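The structure appears right after this line, and notes come after that.
A short reminder: the numbers here are calculations on the coordinates, not readings from a lab. Everything numeric here is computed off the predicted structure, so don't read it as measured data. Please note: Cβ atoms are built from the backbone with ideal geometry, for glycine as well, and neighbour counts cover all protein chains shown.
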Amino acid sequence: NLLACSQTAKPANQQSWQTQIQGGSRQSPIDIRSSESVHDPQLTPLSISYDPSDCLQIWNNGDSFLVEFDDSKDNSVVSGGPLENHYKLKQFHFHWGAENNRGSEHTINSLVYPAELHLVHWNAEKFRTFDEAIFSENGLAVIGVFLKLGRKHDGLQKLVNALPAVKYKDSTVEFSNFNPSCMIPSCLDYWTYPGSLTTPPQTESVTWVIMKKPIEFGDDQLSAFRSLLFTPFGEKLENMVDNFRQQQPLMNRVVRATIL
Ligand SMILES: COc1cccc(CN2CCc3cc(OS(N)(=O)=O)c(OC)cc3C2)c1
Ligand SMILES: [Zn+2]
């Protein structure tokens, strides 16, 4: 009937992010309740070292814009903290809302931020490729950094200026000499918990490290994120906003916190 016809079936790869991995016991994102987190004195500071010359390109993949790095060398790595091995930076991206009252994937005692940065790393000591690591226990380490609105973030502006070139889904632009360290807060305190990717394939291979302190960025910079499109050139314009997954049950997990 008419209703059935009008309901265009979405291809499987565009299934809503809200799907729950069948039988998932460690899905992300979550609300972090600071009173229930466990202070772990054995958690050392993270050791983060990025080489700006590893920065390659920006890619609008229809979920977010990914700033991709050359992971063929060992120059952009994170180790320490909860990590047993060193993990190589593969890409970073953001999640944000259509309005300032939503956007981050994780929340702190239900406090939501207008955006959240994810730096995605893979365990290069245990696996040969990112693709292999995605499907493996201890395969990935994602550093999450909250963004709050305030002063313009000078380091971010170079990235913001490049976004119009990747307005449409499946567009890429060369992007070099960018050091993501400028987006790591000066306070290295964090929470950490075992979780998953928040976008397909939502595999439970992620050690999450969520920085306690947010970084600040400006309204105009957030507007530039919101001017990107989910849709490819020539199709109906759909602004890339609200690209965050709904929160998942904590189940049998403990969130650990540093006392640096
Ligand atoms: C077999 O699945 C894949 C293999 C290689 C690369 C990809 C692409 N994918 C990997 C992980 C990831 C993870 C992403 O977000 S997140 N919040 O870190 O889970 C993401 O957000 C836009 C994009 C991607 C890109 C998928
Ligand atoms: Zn993400």
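Exposure proxy ranking for Leu228, Leu140, Leu237, based on other Cβ atoms within 10 angstrom of each Cβ and starting from the fewest, stands as Leu237, Leu228, Leu140. For Lys126, the aspartates and glutamates whose Cα comes closer than 20 Å to its Cα, not counting residues fewer than 8 places off in the same chain, are Asp70, Asp71, Asp74, Glu84, Glu137, Glu204. Counting only the Cα atoms, region 49-168 fills a convex hull of 138 Å³ per residue. Relative contact order of the chain: 27 percent, from C-alpha pairs under 8 Å at least 6 residues apart in sequence. Listed peptides 88-98, 173-183 appear in the order 88-98, 173-183 once ranked by packing, highest mean of other Cβ atoms within 10 Å at the front. Exposure proxy shown here: for Met211, Met251, the number of other Cβ atoms within 10 Å sets the order, fewest to most, as Met251, Met211. Backbone geometry of region 73-88 corresponds, through the Karplus equation with coefficients 6.51, -1.76 and 1.60 at θ = phi - 60°, to 3J(HN,Hα) couplings of 10, 10, 8, 10, 9, 10, 8, x, x, x, 8, 7, 10, 9, 10, 8 Hz, x marking Gly and Pro. At 7 Å along the Cα-to-beta-carbon direction for both Leu260 and Glu238, put a label point, then send me their distance in nm to one decimal. A separation of 3.9 nm, rounded to one decimal place. For a straight C-alpha distance cut-off of 19 angstrom, the lysines reachable from Lys148 (same-chain residues fewer than eight places away being disregarded) are Lys158, Lys212, Lys213. For region 62-134, the relative contact order is 28 percent, taking Cα pairs closer than 8 Å that sit 6 or more residues apart in sequence and dividing their mean separation by the residue count. With a/c under 1.5 counting as rounded, go ahead and sort region 134-258 into rounded, prolate or oblate using the C-alpha gyration tensor (a ≥ b ≥ c being the square roots of the eigenvalues; past the cut-off, prolate if a/b is larger than b/c, else oblate). Because a/c hits 1.5 or more and a/b fails to exceed b/c, region 134-258 counts as oblate.
For Lys236, the aspartates and glutamates whose Cα comes closer than 20 Å to its Cα, not counting residues fewer than 8 places off in the same chain, are Asp63, Asp170.
Could you estimate the translational diffusion coefficient of the chain from the Stokes-Einstein equation, with Rh from the Kirkwood formula over C-alpha pairs, at 10 °C and 1.306 mPa s, in whole µm²/s? Using the Kirkwood radius from Cα pairs, D works out to 84 µm²/s.
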